[in-house]
Amino acid sequence: MKKSVLVLGLAAVIFTSCGEKKKEEVKKEVETKVEQVKKEVKDVVVDNLELGKQLFTSKTCATCHQADAKVIGPSIKDINKVYAEQKGNIVKFLKGESEAIVDTDPGQVAIMKANLDGFVKDLSGDELAAIAAYMRSIK
Ligand code: HEC
């Protein structure tokens, strides 16, 4: 009787320790996967910001929009401020689906509108999203 209790106890110990080990392994595996996914997401975000930055320069946005100073158009920081405050959507504005909220002076709006109608309409949704993400990353 005593012996069988002992055997049973031992079996239980071995069993739980095996269970523990398995849990540790699974936890480790999950953690490794999570790290991989995190890294991939980070790479994609960085790529997207790089693309946005490239487009912002190559599509001449940078000529009229500088990070800090107003040149012809409002600075990127001013645009971010107003869009954050009013919960605006830069992509929507660039698609011509929402009105100007940063500088509503008709002359100024017309300058930007000429870009929207001229070449911004040829950019894909992904490109516009990358540009908007890049603009928002300027802090
Ligand atoms: C020739 C100069 C010029 C170029 C080039 C230009 N912009 Fe503008 N942009 C302006 C002016 C002027 C305004 C102010 C009028 C306004 O707010 O709509 C403006 C405003 C904006 C706004 C704020 C809109 C709002 O809600 O008031 C965004 C966002 C913007 N531009 C993004 C861009 C992007 C992205 C590009 C490149 C694809 C670009 N602009 C190219 C002149 C320019």
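The values are calculated or read from the model by the stated rules, or taken from the named source; none is laboratory data. Here the structure is a predicted model, which is why all the values come from computation and not from measurement. Here the Cβ is made from the backbone with ideal geometry for all residues, glycine too, and neighbour counts use every protein chain on show.
Worth pointing out:
- When D117 is tested against the conditions (1) at positive phi; (2) touching a Gly at 6+ places or on another chain (Cβ under 9 Å), the lone failure is (1).
- Which numbered condition T60 fails, given (1) surrounded by fewer than 14 Cβ atoms within 10 Å (Cβ to Cβ); (2) under 16 Å from L128 (Cα atoms); (3) more than 8 Å from the ligand (Cβ to nearest atom): (3)
- Qualifying residues in region 82-129 (those that are surrounded by 13 or more Cβ atoms within 10 Å (Cβ to Cβ) and more than 10 Å from the ligand (Cβ to nearest atom)) - the one nearest to V46 (Cα to Cα): A129
- Condition met for S75 (touching an Asp or Glu at 6+ places or on another chain (Cβ under 7 Å) and modelled with pLDDT of 95 or more): yes
- Residue satisfying all of: in region 66-78; touching a residue at least 60 places away in the same chain (Cβ under 8 Å) and either within 18 Å of L128 (Cβ to Cβ) or not in a loop (DSSP other than H, G, I, E, B) (or both); farthest from the ligand (Cβ to nearest atom) among these: K77
- Selected residue [of a type outside the set (S, T, N, Q) and either closer than 20 Å to A69 by Cα or in contact (Cβ under 8 Å) with a residue 60 or more places away in the chain (or both)] from A100, A114: A100
- Within region 32-57, restricting attention to residues that are surrounded by 12 or more Cβ atoms within 10 Å (Cβ to Cβ) and under 13 Å from the mean Cα position of the chain (by Cα), the residue that is farthest from L123 (Cα to Cα) is V45.
- Residue match in region 120-135 (condition: free of Cβ contacts under 8 Å to residues at least 60 places away in the same chain and assigned to a loop (DSSP other than H, G, I, E, B)): yes
- Filtering region 53-106 to residues that are among the charged types (D, E, K, R) and farther than 12 Å from I138 by Cβ leaves K59, K70, E85, K87, K92, K95, E97, E99, D103, D105.
- Evaluated against (1) in contact (Cβ under 8 Å) with a residue 40 or more places away in the chain; (2) under 17 Å from I131 (Cα atoms), K81 falls short on exactly one condition, (1).
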